[in-house]
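K.L.:
Questions regarding the structure given below will be posed in turn.
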Amino acid sequence: MADVSLEVLGAWLRGFAAAVAANRDQLTALDSAIGDADHGANLDRGMAAVVTALDARPAADAADLFARTGMALVSNVGGASGPLFGTFFLRIGAALGAATTVSAMELGAALHAGVSGVEVRGKAELGDKTMLDVLVPALDAWDAALDVPDSAPQLRNGAPSAASALSRSCSAAAARAAAAARDATAPLVARKGRASYLGERSVGHIDPGAASTALLFAALADALAE
Ligand code: ADP
Ligand code: MG
Ligand code: MG
């Protein structure tokens, strides 16, 4: 059973870029309700720059793939989400280092390093109505799926797979948890970022960064399911 390859990780990033482009207006609409109506535009600009950076040459290893991704986001997105997503990917790259294939456990650990980076950089806490409210439950679901390898779906026809069955079941669990956690940000009062200026008036709206983070996990599950 093969680990997750660099190609699959690259497909994740490209899939996320495509999902952000397709949902750009929806993300901006969420940000117009409780922010400054630029989240879709910000992230689309950033992820388009990521795709350009990745197109330039094949990635040598995971560190190279995610460093180029993180740097493109940090240097092309003015909003809060650029440095936060950028840090997330830079930390993932640092955690995976020179790896060219990764196991479900290694990828989970790298995602945890990414989430820690977002926590340190943004100083938000769980329940503050930010992307962290999706990142943390998604990783909890990943960890729970890691602990029950028997639940991994069987490889179809016994054919060799680019991604291990365990990584697939972890990423599918994380994507489901992320979608639920995105919706669960609606009743929260924003305590970080621009939405916090609205206080109680932020209640009833899904956090834009939570919505884009759910797209991130959906893209990972899709890339691993290929
Ligand atoms: P800006 O708010 O600068 O216009 P964006 O609209 O692109 O930037 O991104 C807003 C999103 O960033 C929010 O919906 C929230 O999820 C996330 N965010 C903002 N501040 C923080 C923070 N301190 N920690 C974690 N996430 C944050
Ligand atoms: Mg904004
Ligand atoms: Mg802005």
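K.L.:
Which condition breaks for residue 9 when tested against (1) of a type outside the set (Ser, Thr, Tyr); (2) within 16 Å of ligand 2 (Cβ to nearest atom); (3) in contact (Cβ under 8 Å) with a residue 60 or more places away in the chain?
P.N.:
Only one criterion is unmet by residue 9, namely (2).
K.L.:
Being aromatic (Phe, Trp, Tyr) and within 19 Å of residue 206 (Cα to Cα) is the requirement here; does residue 66 meet it?
P.N.:
It is false that residue 66 is aromatic (Phe, Trp, Tyr) and within 19 Å of residue 206 (Cα to Cα).
K.L.:
Just to check your reading of the model, which residue among 66, 85 is under 15 Å from the mean Cα position of the chain (by Cα), within 16 Å of ligand 3 (Cβ to nearest atom) and either aromatic (Phe, Trp, Tyr) or more than 14 Å from residue 9 (Cβ to Cβ) (or both)?
P.N.:
Exactly one of 66, 85 is under 15 Å from the mean Cα position of the chain (by Cα), within 16 Å of ligand 3 (Cβ to nearest atom) and either aromatic (Phe, Trp, Tyr) or more than 14 Å from residue 9 (Cβ to Cβ) (or both), namely 85.
K.L.:
What are the pairs with Cβ atoms under 6 angstrom where one residue, in segment 42-71, is closer than 28 Å to residue 208 by Cβ and the other, located anywhere, is within 16 Å of ligand 1 (Cβ to nearest atom) and in a loop (DSSP other than H, G, I, E, B)? Sequence gap at least six, or different chains.
P.N.:
42/77; 42/79; 46/77
K.L.:
With within 16 Å of ligand 2 (Cβ to nearest atom) and among the aliphatic types (A, V, I, L, M) as the only criterion, which of 73, 54, 65 stands out?
P.N.:
Unique residue meeting the criteria: 73.
K.L.:
With segment 1-63 as the region, which helices (runs of 4 or more DSSP H) entirely inside it contain at least 2 residues that are at negative phi, within 16 Å of ligand 3 (Cβ to nearest atom) and surrounded by 16 or more Cβ atoms within 10 Å (Cβ to Cβ)?
P.N.:
24-34, 39-55
K.L.:
Please work out which residue is surrounded by the most Cβ atoms within 10 Å (Cβ to Cβ), limiting yourself to segment 78-100 and to residues that are of a type in the set (Ser, Thr, Tyr) and assigned to a helix (DSSP H, G or I).
P.N.:
The residue in question is 81.
K.L.:
Do you know which of the residues in segment 113-140 that are closer than 25 Å to residue 63 by Cα and among the small types (Gly, Ala, Ser) is most open to solvent (accessible area, probe 1.4 Å)?
P.N.:
116
K.L.:
Another one. Would you be able to say whether some residue in segment 92-112 is among the small types (Gly, Ala, Ser), within 15 Å of ligand 1 (Cβ to nearest atom) and in contact (Cβ under 8 Å) with a residue 12 or more places away in the chain?
P.N.:
No, because not a single residue in segment 92-112 is among the small types (Gly, Ala, Ser), within 15 Å of ligand 1 (Cβ to nearest atom) and in contact (Cβ under 8 Å) with a residue 12 or more places away in the chain.
K.L.:
Taking residue 161 as meeting all but one of (1) at pLDDT 95 or above; (2) surrounded by fewer than 20 Cβ atoms within 10 Å (Cβ to Cβ); (3) among the hydroxyl-bearing types (Ser, Thr, Tyr), write down the number of the exception.
P.N.:
Evaluating residue 161 over (1) at pLDDT 95 or above; (2) surrounded by fewer than 20 Cβ atoms within 10 Å (Cβ to Cβ); (3) among the hydroxyl-bearing types (Ser, Thr, Tyr) leaves (1) as the failure.
K.L.:
To continue, here is another question. I want to confirm something. Restricting to segment 101-131 and keeping residues that are within 21 Å of residue 194 (Cα to Cα), more than 16 Å from ligand 2 (Cβ to nearest atom) and assigned to a helix (DSSP H, G or I), which single residue is nearest to the chain's Cα centre (by Cα)?
P.N.:
115
K.L.:
Criterion first (at pLDDT below 95 and either closer than 20 Å to residue 12 by Cα or among the basic types (Lys, Arg) (or both)) does residue 171 satisfy it?
P.N.:
Answer is no for this residue.
K.L.:
Moving on to the next point. Please enumerate the residues belonging to segment 196-207 that are open to solvent by 10 Å² or more (accessible area, probe 1.4 Å) and within 11 Å of ligand 1 (Cβ to nearest atom).
P.N.:
Across segment 196-207, the qualifying residues are 196, 197, 205, 206, 207.
K.L.:
Here's a follow-up. Here are 176, 182: which of them is at pLDDT 95 or above and either surrounded by fewer than 22 Cβ atoms within 10 Å (Cβ to Cβ) or not in a helix (DSSP H, G or I) (or both)?
P.N.:
Criteria check complete, one pass: 176.
The values are calculated or read from the model by the stated rules, or taken from the named source; none is laboratory data. Everything quoted here is computed from the prediction, not taken from an experiment. For neighbour counting, all protein chains shown are included, and Cβ atoms are generated from backbone atoms with ideal geometry for every residue, glycine included. Calculation scope for accessible area: heavy atoms of the full protein, side chains included, ligands and nucleic acids excluded. Shrake-Rupley method; radii C 1.70, N 1.55, O 1.52, S 1.80 Å.
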